[in-house]
Amino acid sequence: MHSKYIFGFLVCTLLFLSCKEDVFPKPKGMLRLEYPEAETKKLIANCNYIFEYSELANLKIKDDCSITLDYPKIKGSIFLSYKKVDGDLVKLLSDAQKLSYEHVVKADGIVEQPFLNEQDRVYGMFYDVAGNAASQSQFYVTDSVNHFITGSLYFYAKPNYDSIYPAAVYLQRDIRRLMETLQWKD
């Protein structure tokens with residue numbers, strides 16, 4: 001008779017617990033990050049090139065005209081390296097392309113976007129890197145004769161594409177602005 005009470009208690013408990021409302025999964029929430037529309041200013045440096053960059057960036061220039069545009073609020077940086085073309089344009093182009101495709105291991109895809117500004121003799125390529133790669137963007141610009149610049153976008157955190165996507169898009173616009181306004185000093 002004792003087992004009847006235990007069985008009855010278990011049945012009542014199961015019935016009581018099963019009378020709850022249906023549970024539905026919550027819809028996916030998307031983090032909404034908005035960044036201000038930044039004013040731009042011209043690079044003033046003793047380098048062989050000028051361009052416009054965002055006032056949100058902290059500019060650091062090295063003696064060899066390599067530049068870091070640091071965005072502390074976004075926790076990312078754009079790194080630029082300058083080299084003189086000394087008859088080795090093919091090698092510089094090859095190295096820039098190789099550097100961009102080193103991210104293909106972690107990337108979901110890389111989209112090449114050619115850049116051409118014949119008026120200011122600026123020719124290049126912008127690489128949009130999707131996925132959890134270390135760098136979300138790579139690019140190079142050159143005049144094909146004297147000057148060559150490579151650039152990379154990196155964030156301070158371990159790459160998580162979903163989390164850094166809004167910041168990556170924002171900084172990619174700054175990179176495009178840099179490329180569009182770049183002029184060589186001759």
Query - Sum of side-chain charges, residue 39 neighbourhood, beta-carbon under 14 Å (Lys, Arg +1; Asp, Glu -1) - result: 0
Query raised in the report: What ranking, highest mean first, results for peptides 164-172, 111-119 when packing means the other Cβ atoms within 10 Å averaged over each residue?
Result: 164-172, 111-119
Query raised in the report: Where Lys and Arg each count +1 and Asp and Glu each count -1, what net charge lies around residue 186 among other residues with Cβ under 13 Å from its Cβ?
Result: +1
Report summary line: Charge tally for neighbours of residue 115 with beta carbon under 13 Å away, counting Lys, Arg as +1 and Asp, Glu as -1, is -3
Report summary line: In segment 37-77 the accessible area split gives carbon plus sulfur, as whole percent at 1.4 Å, a share of 44 percent
Requested in this report: Obtain the nm distance between the two label points defined at residue 40 and residue 117 by a simple spin-label model: each point lies 7 Å from its Cα along the Cα-to-C-beta direction.
Outcome: 0.7 nm
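The values are calculated or read from the model by the stated rules, or taken from the named source; none is laboratory data. Values in this document were obtained by computation on a predicted structure and should not be read as measured data. As a convention, Cβ positions derive from the backbone with ideal geometry for all residues, glycine included, and neighbour counts pool all protein chains shown. Side chains included, ligands, DNA and RNA excluded: accessible areas come from the protein's heavy atoms. Shrake-Rupley method; radii C 1.70, N 1.55, O 1.52, S 1.80 Å.
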